[in-house]
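What follows is one structure encoded as structure tokens, with my remarks underneath.
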Amino acid sequence: MSDKSHFDVAVRGRDIRLDFFRGLALFIIFIAHAKMNPWAAYTPGKFGFSDSAEIFVFCSGLASALAYGKLFDDRGLLVCSARIAHRCWQVYWAHIGVFLAVLAVMIGVDMWLGTGDAYVRGLDLHHALSGDIARAMLALMTLTYVPGLFDILPMYIVLLAMVPLVLAISRLGTYAVLAFIAVVWAIGNARLIELPAEPWSDKAWFFNPLAWQLVFFTGFAFARGWLPAPPVRRSAVIAAAVLLVIMVPFAYDPVALSLPYGQAIRDALAPYYDKSNFALLRYVHFLLLTYVAYAAAGPAGATLVRWQNSGWQTVVRVVSCVGRQALPAFLAGVMLSTLCGVALNLLGRGAIVTLFVNLCAFGIIIAVAYLAAWFKSPPWSKPRSVAARRQEVPETTQPGPGSGTRLAA
């Protein structure tokens with residue numbers, strides 16, 4: 001069977017690769033967001049031009065195609081657009097909710113520690129409490145006040161909102177939709193259109209959605225079949241891995257700055273790996289990394305399936321569960337990244353403390369994911385077991401000798 005057919009079969013059902021890599025990205029995003037986290041120095045983004053954000057957005061594109069593509073095919077554009085609008089509404093209020101929750105927690109931390117507004121200001125949240133509060137709240141609700149820690153969900157809302165348009169254009173043919181995606185990326189990358197991140201300055205959204213839609217719709221295009229799954233060849237995988245290794249010295253600061261002309265090379269390359277406007281070198285690096293991961297995962301994720309049935313089964317299942325419950329896990333990670341920053345600031349950043357703080361956070365993210373999965377089951381709609389119903393039957397007669405044993409059985 002060809003690689004393409006393996007991919008096509010996998011994307012029709014629940015793809016373990018999608019869940020696993022999105023879950024992995026969420027753990028890495030948490031580490032990168034946690035203030036003063038020593039582990040952040042060893043995240044993949046430090047050794048290459050792309051990072052966990054690309055993994056998350058790419059996987060979200062795949063997931064969106066699986067969630068809304070069939071709905072578009074079966075029910076048409078109007079119903080599909082309505083479903084997407086509902087999801088945008090959910091993500092919007094999740095964004096507002098996590099912002100207010102983090103703000104409240106940081107206010108409480110500052111009051112508890114007597115640090116004035118140090119922690120609130122450290123997250124650039126002080127604008128919501130000082131100056132023109134009415135203006136700040138209006139900007140928050142209209143997504144024109146988007147501090148750094150809270151910039152992923154607004155971008156995701158815009159990307160989701162683009163899905164109906166892209167699906168509509170796809171009726172004109174594959175080349176039409178791919179051309180549209182490329183033109184929109186060029187507009188975003190050239191900064192011809194930028195969205196305001198705060199009303200009191202000219203600062204723009206850190207993640208320009210017009211540029212970042214390229215990686216989102218790359219995943220979307222693979223899942224929809226607009227782009228064929230690449231054939232896995234040993235020579236191509238080795239070549240991709242070699243290119244990734246060659247890029248490390250120019251991406252990893254300690255090495256890059258120690259090389260002759262290292263700083264000059266970094267400065268020359270900077271426009272091509274700009275994160276905010278998703279520059280081309282980031283895209284090339286991400287595609288290389290994705291190809292290697294795709295090959296390593298095996299046809300339809302066969303390698304991950306073997307891990308799931310081996311001694312690694314707990315790791316694969318836990319990470320995959322986090323990936324399936326991406327939104328609640330992400331929200332938990334945002335809150336925990338701020339609290340872990342406080343903990344590391346108070347307790348120090350020694351190896352033992354860092355391990356303890358990160359593992360505690362991982363445990364909470366995992367617990368949130370499993371709790372979200374439990375609520376989505378939904379448990380209250382399932383029929384009660386026979387044993388449970390028997391326990392609820394009131395005893396109206398005096399049990400005879402030995403009846404206690406029979407009742408327990």
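Computed from the coordinates by the stated procedures, all read-outs in this text should not be read as laboratory data. Given the structure is predicted, the values throughout are model-derived calculations rather than measurements. Positions of Cβ are generated from backbone atoms using ideal geometry, with glycine treated the same way; all protein chains shown enter the neighbour counts.
Observations
- Exposure proxy order (Cβ contacts within 10 Å, fewest to most) of 218, 144: 144, 218
- Spatial separation of Cα centroids for the stretch 190-267 and the stretch 122-144, in angstrom: 31
- Taking label points 7 Å from Cα along the Cα-to-Cβ direction, residue 165 and residue 233 give a separation of 3.8 nm.
- Computing FRET efficiency as 1/(1 + (r/R0)^6) for residue 310 and residue 375, where r is the C-beta to C-beta distance and R0 is 41 Å, gives about 0.85.
- Overall form of the stretch 150-302: oblate. Here a/c, set by the Cα gyration tensor axes a ≥ b ≥ c, is 1.5 or more, and a/b is not larger than b/c.
- Built amide H within the under 5 Å cut-off of residue 204, gap 5+: 197
- What the phi angles of the stretch 209-222 give under the Karplus curve with 6.51, -1.76 and 1.60, with θ = phi - 60°, is a coupling list of x, 5, 8, 6, 5, 4, 6, 4, 7, 5, x, 4, 5, 5 Hz, glycine and proline written as x.
- Under the Karplus curve 6.51 cos²θ - 1.76 cosθ + 1.60, θ = phi - 60°, whole-Hz ³J(HN,Hα) for the stretch 36-52, x wherever Gly or Pro sits: 6, 7, x, 5, 4, 5, 10, 6, x, x, 7, 10, x, 8, 10, 9, 5
- For a modelled paramagnetic label at residue 266, 7 Å from Cα along Cα-to-Cβ, the residues of the stretch 18-49 in reach, with backbone nitrogen under 14 Å, are 46-49.
- Classification of the stretch 3-393 by its C-alpha gyration tensor yields a rounded form. The axis ratio a/c (a ≥ b ≥ c) stays under 1.5.
- Structure-based [θ]222 nm, the chain - -39500 (n - 2.57) summed over DSSP H runs of at least 4, per residue, nearest 500: -22500 deg cm²/dmol
- Full-extension gain in nm, residue 138 to residue 43, via 0.36 nm per residue minus C-alpha separation: 30.6 nm
- 3J(HN,Hα) couplings calculated from phi for the stretch 254-259 with the Karplus curve 6.51 cos²θ - 1.76 cosθ + 1.60 (θ = phi - 60°) are, in sequence order, x, 7, 4, 7, 8, 7 Hz; Gly and Pro show x.
- Residue 35 sits among other residues whose Cβ lies under 13 Å from its own Cβ, and their net charge, with Lys and Arg +1 and Asp and Glu -1, is +1.
- Summarising the label geometry, the points placed 7 Å from Cα in the beta-carbon direction at residue 293 and residue 327 lie 2.2 nm from one another.
- For the stretch 3-393, the relative contact order works out to 29 percent when only alpha carbon pairs closer than 8 Å and six or more residues apart are counted.
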